[in-house]
Amino acid sequence: MNTLLKLDNARKVVRLLGNVQPGMNVLVLFDFYTEHNAQPLAIAVQEAGANLHLLQIEGSRRHGKQFSAIVGEAMRSADLVIALTQANAAHTEARQQATRAGVGTIVLPESSLDDFFLAEGWNADFIKLRPEIEGLAQALTDAATARVTSAAGTDISMSIEGRTGRALHGFANTKDISAGYCLESSLAPVEGTANGIIVVNASIPGVCLIKDEPVRIVFEQGMAVSIEGGQEARRFRDLLESFNDPWVYNLGELGVGMNPCCTLDGTMLSDESVYGSIQLALGTSAYIGGTVKAAAHYDTIVTEAQLWLDGKLVLDGDVVQVGG
């Protein structure tokens, strides 16, 4: 696909979300799967007058693989990192160390599709949406308990006491990641506290859209103890088993999608960002405020659901009742 078609939204990443200024050191990290999308970012960085640094890695299709020490050092040395990679750079030690070092990081996982920079999610009004995202993140911070329910059968409760809500509003910062147009309010639940059932009716990003039969995941004391359903459930169950790590069954994240331009299309950034969708992730939580370091981190997406904080309804379907 012509680079010029991708350039407008690559510029949005660099100029709007990254606030790149002349003289800044910008590292564009990409891999064998995403190299065809690196050029528009490189052009946008150079147009902004910044110092461009390109680093290609082998990459992985599995979310959870850590980066080498060399990559980590490069990330910590930059002013801004744009991680254009197939696997999500957010849940890596290198990313967390970069954030701690005051480096802004924009993660763009599953960015291998040729039309990645043409996705509808880039049309979001990032400035207008930011207060609502921050408002819901604050509500998560202020609450001690969370419960997710749905007419399809989801009913799971957990402690979130003492955990800090994350406002992923797209803008690069030195506290947390930006995930491009993946806009959300989220946090890591307290380990060992989640009990109930998730009926996944929408998507398991990085694995599949749910088409044939919902995936039913039962949690006891913070850990998934069964994953049942049709072929999608078998596929997800086999994937998690392949990591040979019991911690991949930890309930590692609770989040709410906040981008009204996104639809379910099987990609991570879009599926996790569908406005009003609820993310309930399995695996690593250490890089988003929890304590578990697992071999992987995979979200499950539930739609047409309700989120209750301290017994108060704050989300019903696509109606958010806090924020702004």
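Structure data summary
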| read-out | value |
| --- | --- |
| Cα lying deepest toward the dipole's positive end in region 209-304, options Val225, Gly290, Tyr275, charges on Cβ | Gly290 |
| Portion, in percent, of the accessible area of the chain that falls on carbon or sulfur, probe 1.4 Å | 48 percent |
| Å² of accessible area per residue within region 23-81, as computed with a 1.4 Å probe and no ligands counted | 47 Å² |
| 25 Å Cα cut-off, lysine pairs counted over the chain (separation 8 or more, or different chains) | 7 |
| Heavy-atom accessible area per residue - region 133-206, 1.4 Å, Å² | 30 Å² |
| Helical segments meeting 18 Å axial Cα length and Kyte-Doolittle -1.0 threshold in the chain (DSSP H) | 126-142 |
| Approximate spin-label separation Leu4-Asp238, in nm, with each point projected 7 Å along Cα-to-Cβ | 4.6 nm |
| Over the chain - Rg/Rh using Cα atoms and the Kirkwood inverse-distance radius | 0.95 |
| Accessible surface of Leu209 - all protein chains present, 1.4 Å probe, nearest 10 Å² | 50 Å² |
| Relative contact order, percent, region 96-180 [alpha-carbon distance under 8 Å, six or more residues apart] | 42 percent |
| The chain - share of DSSP beta bridges that are antiparallel (%, nearest 5) | 75 percent |
| Environment charge at Val248 (Cβ cut-off 15 Å; Lys +1, Arg +1, Asp -1, Glu -1) | -1 |
| Per residue accessible area in Å² of region 219-286, where ligands, DNA and RNA are left out and the probe is 1.4 Å | 35 Å² |
| Cβ-based net charge around Arg62, under 15 Å, with every Lys or Arg adding one and every Asp or Glu removing one | -4 |
| Fraction in percent of alpha-carbon pairs per bin - 5 Å, region 215-324 | 2, 12, 19, 22, 21, 16, 7, 2, 0 |
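The values are calculated or read from the model by the stated rules, or taken from the named source; none is laboratory data. Since we're looking at a predicted model, the values are computed, not measured. A quick note on method: Cβ atoms are made from the backbone with ideal geometry, for glycine too, and the neighbour counts reach across all protein chains shown. Ligands, DNA and RNA are excluded from the accessible area calculation, which covers all protein heavy atoms including side chains. Shrake-Rupley method; radii C 1.70, N 1.55, O 1.52, S 1.80 Å.
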